[in-house]
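Report on the structure given below.
The values are calculated or read from the model by the stated rules, or taken from the named source; none is laboratory data. The structure displayed is predicted, hence computed values, not measured ones. Glycine also receives a Cβ, built like all others from the backbone with ideal geometry; neighbour counts cover every protein chain displayed. Each accessible area value is taken on the protein alone, full model and side chains, heavy atoms only, with ligands, DNA and RNA left out. Shrake-Rupley method; radii C 1.70, N 1.55, O 1.52, S 1.80 Å.
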Amino acid sequence: MNLSLIQSTRTNNFNDDLVLQKITELWKVASSKLADHHDSLYGLYHDYESDYKGDYTLSVAIKTTEEAADLSLSENEKYEIFNVDTTDEQGVFKAWQKIWHLEESGELKRAYSYDYEEYQVNGDINIYIAIK
C-alpha cells in the first residue's frame with residue numbers, strides 16, 4: 001500500500017503528558033488539509049523507539065499512487081487485524097488496550113515496523129498490527 005503522509009507527531013503513550021493533546025491536534029490539522037478527501041484515512045504508527053511503551057511517530061496518511069508515495073508498505077508484511085467497536089466512544093482505546101494485553105501475555109508477537117488504524121468512509125475502524 002502506497003501512502004502519502006499528511007501530518008505527523010512524535011509522542012509516547014506512557015511518558016508524554018501531552019499525548020492526547022498532540023494526537024487531537026494532529027488529526028485536527030490533518031482533517032483541515034483533507035476537507036475534500038472522501039476515502040479511508042490512516043493513522044500510521046512507525047519509527048518505534050522500542051516497544052509500545054517507547055516513543056513512536058504517528059502520522060495521518062492517505063492512499064496514493066506509487067509516484068506520489070511518501071511510504072510504501074511491504075506486501076510481504078503480516079498483520080493481525082483488530083476490529084474496533086465503533087458503538088463504544090472508547091472503542092479505539094479499548095482495542096489498543098487489548099493489543100497491549102495480548103503482547104504482554106505473549107499471545108501477540110509484534111514486529112514494530114508499521115502499524116496502522118484504518119478509518120473507513122462507512123465508519124468502520126480496523127487496527128492492523130504488524131507481526132513477526
Explain nothing, just compute: Karplus ³J(HN,Hα) = 6.51 cos²θ - 1.76 cosθ + 1.60, θ = phi - 60°, for every residue of segment 118-127 in order, whole Hz, x for Gly and Pro. 10, 9, 7, 4, 6, x, 6, 10, 10, 10
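Counting Lys +1, Arg +1, Asp -1, Glu -1, what net charge surrounds I131 among other residues with beta carbon under 13 Å of its beta carbon? The partial results should precede the final answer.
On the way: positive: K78, K109, R110, K132; negative: E77, E80, E103, E107, D115.
Net of charged neighbours comes to -1.
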How large is the accessible surface of H38 in square angstrom, using a 1.4 angstrom probe and rounding to the nearest 10? 150
One finds the C-alpha centres of segment 46-99 and segment 102-132 to be spaced, in Å, by 6
What are the ³J(HN,Hα) values, in whole Hz, obtained from phi via the Karplus relation 6.51 cos²θ - 1.76 cosθ + 1.60 with θ = phi - 60°, for each residue of segment 99-115 in sequence order, with x given for Gly and Pro? 4, 4, 5, 4, 5, 4, 7, x, 7, 10, 9, 7, 8, 6, 9, 9, 10
Solvent-accessible ranking of L71, L18, L108, largest area first, probe 1.4 Å: L18, L71, L108
For S4 and K98 in the same chain, what is the full-extension length gain: residue separation times 0.36 nm, less their Cα-Cα distance, in nm? 31.0 nm
Work out how much length S40 to K63 would gain on full extension: take 0.36 nm times their residue separation and subtract the Cα-Cα distance, in nm to one decimal. 7.5 nm
According to a simple spin-label model (label point 7 Å from Cα along Cα-to-Cβ), what is the distance in nm between L18 and D70? 1.9
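Using only helices, what value at 222 nm comes out for the chain when you add -39,500 (n - 2.57) per DSSP H run of length 4 or more and divide by the total residues, to the nearest 500 deg cm²/dmol?
Helices in the chain give a 222 nm mean residue ellipticity of -7000 deg cm²/dmol.
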Give the accessible area for D47 in Å² (nearest 10); use a 1.4 Å probe, count only protein heavy atoms, and leave out ligands, DNA and RNA. 90
